[in-house]
Structures are given as structure tokens and as C-alpha cells.
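I have placed the structure first, in the form of C-alpha cells, so that the comments after it can refer back to it.
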There are 2 protein chains.
Amino acid sequence: MSATPSDTSTNPVLVEVTRGGAVESRHRGAIAVVDAAGAPLATVGDVTAPVFPRSAVKALQALPLLESGAAEALDLSDAELALACASHNGEAIHVNAARVMLMKAGLDEDALECGSQWPRRMQDVARLHRADAHPGPLHNNCSGKHAGFLGLARTLGVPTRGYVEPDHPVQREVRIALEEMTGAALDHAPCGIDGCSIPTYAVPLDRLARAFACFGTGEGLAPLRAEAADRLYHACTAHPEMVAGTERFCTEVMRAFAGRVFVKTGAEGVFVASIPERGLGVALKCDDGATRAAETMMAETLARLLALSDDEASALAHWRRPQLSNWVGRSVGEIRPVDAAFAGLEG
Amino acid sequence: MSATPSDTSTNPVLVEVTRGGAVESRHRGAIAVVDAAGAPLATVGDVTAPVFPRSAVKALQALPLLESGAAEALDLSDAELALACASHNGEAIHVNAARVMLMKAGLDEDALECGSQWPRRMQDVARLHRADAHPGPLHNNCSGKHAGFLGLARTLGVPTRGYVEPDHPVQREVRIALEEMTGAALDHAPCGIDGCSIPTYAVPLDRLARAFACFGTGEGLAPLRAEAADRLYHACTAHPEMVAGTERFCTEVMRAFAGRVFVKTGAEGVFVASIPERGLGVALKCDDGATRAAETMMAETLARLLALSDDEASALAHWRRPQLSNWVGRSVGEIRPVDAAFAGLEG
């Protein structure tokens, strides 16, 4: 049971999955809660190790779309800006909005390089099956982000082909925005290819948290960037259904909090949040990559950091402690946060 | 980073998920390799904590079906016996076999109490959608096991209704078999409700491993049980497609090993194996419940415990080190075992 070379520190168990009252599985992770100046309010586990933020940084990747003037030139609506920050379900509202974003840029789905993906909801899958159709790139959860990238490319007057490659002007701009927001020197950061083919850079949780404190408050940002961040914050919180979709954490939580918080999930158990009224940003990672645990981690974190109205508490409740039922609907267990691990987040 | 009350010991990282060569996520767990006398050949992590084995013990739960004479009375084929031990994909071969098993007992799917479940493969889901149909209990991955329970009930001459309840004669028989095979006093074991509604008892990995050493060799078993275990072992290894299905670990591995090993997965990251030629049983659990990690753990364990033919090594390779690709098929990373953690399993 000694540490293996791959395991330089051991993060605490933050989430338990129970069956019949006994713990069946356990999830470890780390959480950073940081202000816009970079001072930590609270941390759990190791918040300095590099983490691939995946889709959690889509709103930062969308900053160039606004700062370049592209969003205005293309007359993108708030709902479309929200889609540019989204990991959506591939519901009709998402597919249609992505199609229109591309049209505004004089393009269609053939320009997308994200790849195709089945929609998340069974009813949307069924509709495709009954039409004997396959999903296309518009259904890809990143299609709004990519439509934004293409709009930026067109506005910059550069070729759209290869817009996902690290050396393309669009990805250069995106990288600069990430580097500036996180304060991390990305030359030295682990770099990988994301699911949708754009680059992903691993950044410590504490730096990600700070980036989202700045994103939510505008503190420490140049006026152009502060305005862009503010526009995106409000677009996402005013159109939460675009950012994810039906029954998704980000949508339900942002809908319930009505502008008080911005939250965004990333693959492999990542979540970020901006809490402007407290000047804070949150970034967390479930070590093993489990979304079920990361959702409970973020819900519990929000509950500890904010005084909740009854509606907000009610909306968070089933994410803090999801009840598990079996194939006939019998209650079999739950997913729950480890109380002692979150106690340090209060105050 | 101190241990939380829920975390009495820390299992080592056994599996890493990489992106761009960097570790993105980590999975911890424990592995027990034990002989039929209960002596450990090797252990990794804590093998004494109770673990819900879930579907991994289906072959033990099927012992009463044979020992009672029900399998013979109902003239169940080897393929049907394999289905009685299965967590199947809900492909046509599985659904049809379960239907026939029930017919042999004078029953139909209305008798099943496991609940309905969508098939695993998209093409089987599509077929239902195009027929405007919903899945039924025959599609449930446990339908073969439940058809076996119902056949046992009919042979015992007891009512079938409520056959999933702990006090029903069928579940009493199943529990006795589990208790005897594992040597664990189930009165004191954590007890939960499984996905298909039958009881599930948490048992230490070392006891599960011993149970499967006995299952594979017949050592330490009364003649009636040894014969039942032998029948089930051969049914599963001769009809691996029934035990899981297309592209599933258990099916591909048992097919490749052609009788040398029996393997069975369980929900929440559990796997067991019987390796008769070495007189061994294996039981493992991924702490966080991830099947992707448990598959790599079992594949690596088998590779360390057995001298492999080229075909066997080839079949195991993509389970030991699954290559990950993104939505357009670009290679982005891999899942890999932590070499140092498995080194102790050799010899």
C-alpha cells in the first residue's frame, strides 16, 4: 500500500457511493477556492498538480470571439454566445442554434472539424433512428464552441480549414487567452488533444480557480476582456439551457441561481465555478475522472460557500446527495459528499 | 490531505488514464490472488474490506439451479446455463435464449422481476426505436440469471412471485451457496439491493478469490457442488458470447483463452477469475467503481499469472492498454496499468 511512482500525493475521499447503507465505492479529488488576486479561501487536496480542464474552460476559449469584434460583426445573440461556451446535449435547440451560428459566418456543418456524436438524450437518439439518420457534427457537444471558432476565423480573414490545429490563428488566440487568464506558462504545460480535436493544456486547479474568479468579477482584467467576460457570464447564466441541456447539472444549477453563479463541467471529472458576490472562483477535479463525483463535489462546494434560498437549496439537493434506484425503481443507495472533507470550505 | 474517517487505508494507484503522454486520471484498487485452500499467492491493496461483488458472483448464484436438479429437469442447454451466469448485452441471441429458458419452465417474461433495460449496443437500440418499441425485462442484462431463478422456483414447487426477495426459497438457496463458497458469515455482512432487485452481500476480495479458485478446480467442494461448478465453468467458457456479448471483456477473453480461464465482471469495478491450471482464483475491485479500470486490472493480472500464446496475448493487449481516440478517431491517449503495482503478481 505504499505510494506508487505515479502517485506523489494522496487526495482525500470526497464522495462515497453507498448501497444498503454501506460504502460501495469511493472517489478522491481536490478542490480549489480562490479569489481574483489568487489568494486561496480554502483548498482540499492537492491543487497545484496540473489538470486537463477539458470543457470547463470553454468560456475562456470564447473570449477571443468577443474581444476580436467577431461576435458583434456576426451579430451573435446571447443564446449563441452561451452555445459557444457549451457542452450541449445535442437537443434540437442546440443543433439549430449551431447551424444558425455557422450560417451567420457564411458556413455550414461541413466546416466543422469536431466530429460527430450521438445526442445525449434517448428521445433525440430515437428521432434519428426513426428517420434512419446518423448524427452529424452539429450534434457534437462542442459544435457551438467550434461554430464560434469558425466565426472568429472568418472575421480574422484567415482560412477556416485546420482551425483546430495548435498553429492556426484561432487556436493561437485561444491559447493566449488561456495563458493570460490562468497565469500559467503553457509552453511548459502538459498538452494533449481534446475530444473535439483542439489542444488542451493542463493547468493547476488553483490557477483555474483564480481565472474564474476574475472571469466572474472582471477584477484584474483589461477593460476589453472584462467586458467580454461579463458578456459571456451573462449569456450563459441567462441561457443555461444552451450551456448543457435538459436535466444537466450546469443548466439546472445556473437556472436555479439566476445569475448568482456560473458553473461549467469538463470531461474526466472537472468542474469550475464563478461566484462574483464573494469574489471567488472554484476549480475541482475528481481523481478518477468520474462526473458523478465531480457533480456532487461542486454541488456541495456551492452549498458551503453560499447562503441558499429555499429554491436554490432545493435545486442543489439532488446533486449533493443523488438517490440511486435500480431497474424497477427501488431505492438502493446514494452518492454523498464526505462531510468532514467539505467542512473547511465554510466561512 | 489526512485520511478521512471513511478511508481506513489507501489502496495504490493501479491504472492511469493518459492524454498527450501526461496522466489525466488515476484509479486505485485492490486485487486478491488466492488458491483453493485460501492461501494468497499475491495481494495488492486491502483485500479484507467487504466489497459488493454484484454480478461477478452470478455463477455462484447459479449453483442451486444445478444442484437442485432443476437444470436437468428443465433440460437447460449449456448456452442457457451460460446465460444464467451472464450480464448480457441484450442482443437477439440473449433475448431469445432467455425467452426459451422461461418457456421451458412454463413461464414468460411477465414472471421476470428484474425490470427492463435498454440493450447495450446502439444497433439493438436502433432496432427497437425503428419498431417504435421499448425494451422489456428480457433485455435486462440479468434476464438469464432470473430465468434460472424462476426455473428453480418452478422445480422446487414454490410460488414464483417475489422470487427476488431475501426470504423467498430461491434467494435462501442462493445465499446458502454464496455463504458456503465464500466462507463468509453473511448474517454480519453489509447487505444491499442489487440493480435487478435480488440481495447483494459484501464479502472480502480474498474470500471471493478463494471461492473462484474452488469454483474452477472443484477442490474443497462436495461432489454435487464440484459437478455443478464444473458444468457452469464449461458452459460459460464454451459459450462466452452468452455471458456478455459482442466486444465485451468477458466474452473476448474467455473466447481467446478457450477454457483456460473463467472471468466475470461485476458493476462498480469488480472482476473475478478462475484459473484452474494454477489452482487460483482472482477477485479485484476498482475503488471508485470504474469498469474501464477494472478491465485493465484484470487483463494485466491474467497476463502476469499465465504464460500466453500469441493469440491470447493479442486478445489481451487492447484490454491491458486500451488506446483512446477522439470523435474524429485521432489518437489522444491510453489507459494503462501501473507496472510496479502488478510486478508482485508474477511467480
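The values are calculated or read from the model by the stated rules, or taken from the named source; none is laboratory data. Everything numeric in this text was worked out from a predicted model, so none of it was measured. Virtual Cβ from ideal backbone geometry, glycine too; neighbours counted across all protein chains shown.
Can you pull out the residues in the stretch A:281-296 that are buried (at least 24 other Cβ atoms within 10 Å of the Cβ) and either more than 7 Å from chain B (Cβ to nearest Cβ) or hydroxyl-bearing (Ser, Thr, Tyr) (or both)?
Of everything in the stretch A:281-296, those that are buried (at least 24 other Cβ atoms within 10 Å of the Cβ) and either more than 7 Å from chain B (Cβ to nearest Cβ) or hydroxyl-bearing (Ser, Thr, Tyr) (or both) turn out to be A:281, A:282, A:283, A:284, A:285, A:286, A:293, A:294, A:295, A:296.
Residue B:129 passes all but one of (1) within 14 Å of chain A (Cβ to nearest Cβ); (2) under 29 Å from residue B:191 (Cβ atoms); which number fails?
Going through the list (1) within 14 Å of chain A (Cβ to nearest Cβ); (2) under 29 Å from residue B:191 (Cβ atoms), residue B:129 breaks only (2).
Scan A:171, A:117 and give me the residue that is within 14 Å of chain B (Cβ to nearest Cβ) and of a type in the set (S, T, N, Q).
Within the list A:171, A:117, the selection yields A:117.
Could you tell me whether the stretch B:77-94 includes any residue that is more than 17 Å from residue B:142 (Cα to Cα) and within 14 Å of chain A (Cβ to nearest Cβ)?
Within the stretch B:77-94, not a single residue is more than 17 Å from residue B:142 (Cα to Cα) and within 14 Å of chain A (Cβ to nearest Cβ).
Does residue A:56 qualify as being small (Gly, Ala, Ser), at pLDDT 95 or above and touching a Gly at 6+ places or on another chain (Cβ under 7 Å)?
The answer is yes for residue A:56.
Conditions (1) in contact with a strand residue (DSSP E or B) (Cβ under 6 Å, 6 or more places away or on another chain); (2) under 23 Å from residue A:13 (Cα atoms); (3) at pLDDT 95 or above, marked per residue:
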{"position": "B:3", "(1), (2), (3)": "no, yes, no"}
{"position": "B:9", "(1), (2), (3)": "no, yes, no"}
{"position": "B:13", "(1), (2), (3)": "yes, yes, yes"}
{"position": "B:20", "(1), (2), (3)": "yes, no, yes"}
{"position": "B:28", "(1), (2), (3)": "yes, yes, yes"}
{"position": "B:37", "(1), (2), (3)": "no, no, yes"}
{"position": "B:42", "(1), (2), (3)": "yes, no, yes"}
{"position": "B:45", "(1), (2), (3)": "yes, yes, yes"}
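Can you find, within the stretch B:329-344, the residue that is nearest to the other protein chains (Cβ to nearest Cβ) among those that are assigned to a strand (DSSP E or B) and of a type outside the set (A, V, I, L, M, F, W, C)?
Applying the filter and picking the extreme gives B:333.
Which of the residues that make up the stretch B:317-328 are more than 20 Å from the chain's Cα centre (by Cα), part of a helix (DSSP H, G or I) and either touching a residue at least 24 places away in the same chain (Cβ under 8 Å) or within 14 Å of chain A (Cβ to nearest Cβ) (or both)?
none
Report, ordered by the first and then the second residue, all pairs with beta carbons closer than 6 Å, sequence separation of six or more or different chains, a first member in the stretch B:289-316 that is more than 18 Å from residue B:53 (Cα to Cα), and a second member that is outside any helix (DSSP H, G or I) and at pLDDT below 95.
Going by the 6 Å Cβ cut-off, the qualifying pairs are B:304/B:346.
Does at least one position in the stretch B:150-165 carry a residue that is among the small types (Gly, Ala, Ser), over 30 Å from residue B:277 (Cβ atoms) and within 14 Å of another protein chain (Cβ to nearest Cβ)?
Yes.
Name the residues in the stretch B:68-87 that are of a type in the set (S, T, N, Q) and in contact (Cβ under 8 Å) with a residue 12 or more places away in the chain, would you?
B:68, B:87
Only residues that are over 18 Å from residue A:270 (Cβ atoms) and either aromatic (Phe, Trp, Tyr) or not in a helix (DSSP H, G or I) (or both): list them for the stretch A:289-316, please.
A:306, A:307, A:308, A:309
Per-residue answers, yes or no, for (1) of a type in the set (S, T, N, Q); (2) without any contact (Cβ under 8 Å) to a residue 24 or more places away in the chain:
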residue: A:194; (1), (2): no, no
residue: A:201; (1), (2): no, no
residue: A:215; (1), (2): no, no
residue: A:234; (1), (2): no, no
residue: A:237; (1), (2): yes, no
residue: A:245; (1), (2): no, no
residue: A:251; (1), (2): yes, yes
residue: A:255; (1), (2): no, no
residue: A:259; (1), (2): no, no
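Applying the selection to the stretch B:329-347, what residues are more than 23 Å from the chain's Cα centre (by Cα) and either without any contact (Cβ under 8 Å) to a residue 24 or more places away in the chain or over 21 Å from residue A:290 (Cβ atoms) (or both)?
B:329, B:330, B:331, B:339, B:340, B:343, B:344, B:346, B:347
Need the failing condition index for residue B:14 against (1) in contact with a Ser or Thr (Cβ under 6 Å, 6 or more places away or on another chain); (2) touching a residue at least 40 places away in the same chain (Cβ under 8 Å), just the number.
(1)
With respect to the numbered conditions (1) within 12 Å of residue B:152 (Cβ to Cβ); (2) without any contact (Cβ under 8 Å) to a residue 60 or more places away in the chain, which one is the sole condition not fulfilled by residue B:63?
(2)
Taking the conditions exactly as written (crowded, with 24+ Cβ neighbours inside 10 Å and farther than 30 Å from residue B:142 by Cα), does residue B:24 satisfy them or not?
yes
Give the residues of the stretch B:175-203 that are among the hydroxyl-bearing types (Ser, Thr, Tyr) and touching a strand residue (DSSP E or B) at 6+ places or on another chain (Cβ under 8 Å), sorted by residue number.
B:182, B:200, B:201
With A:92, A:133, A:126 as the choices, which residue is of a type in the set (A, V, I, L, M), surrounded by fewer than 17 Cβ atoms within 10 Å (Cβ to Cβ) and more than 25 Å from residue A:263 (Cα to Cα)?
A:133 is the lone residue from the list that is of a type in the set (A, V, I, L, M), surrounded by fewer than 17 Cβ atoms within 10 Å (Cβ to Cβ) and more than 25 Å from residue A:263 (Cα to Cα).
Go through the residues of the stretch A:165-180 one by one and say whether even a single one is of a type outside the set (A, V, I, L, M, F, W, C) and buried (at least 24 other Cβ atoms within 10 Å of the Cβ).
no
Check the stretch B:51-65 and report whether any residue there is more than 30 Å from residue B:333 (Cβ to Cβ), surrounded by fewer than 21 Cβ atoms within 10 Å (Cβ to Cβ), more than 12 Å from chain A (Cβ to nearest Cβ) and touching a helix residue (DSSP H, G or I) at 6+ places or on another chain (Cβ under 6 Å).
Within the stretch B:51-65, none of the residues are more than 30 Å from residue B:333 (Cβ to Cβ), surrounded by fewer than 21 Cβ atoms within 10 Å (Cβ to Cβ), more than 12 Å from chain A (Cβ to nearest Cβ) and touching a helix residue (DSSP H, G or I) at 6+ places or on another chain (Cβ under 6 Å).
Would you check which residues across the stretch B:275-313 are among the small types (Gly, Ala, Ser) and over 15 Å from residue B:249 (Cβ atoms) and list them?
B:279, B:281, B:283, B:289, B:307, B:309, B:313, listed by residue number.
Which fully enclosed strands (runs of 3 or more DSSP E) of the stretch A:4-82 have 1 or more residues being closer than 22 Å to residue A:215 by Cα and not polar (S, T, N, Q)?
A:22-35, A:40-44
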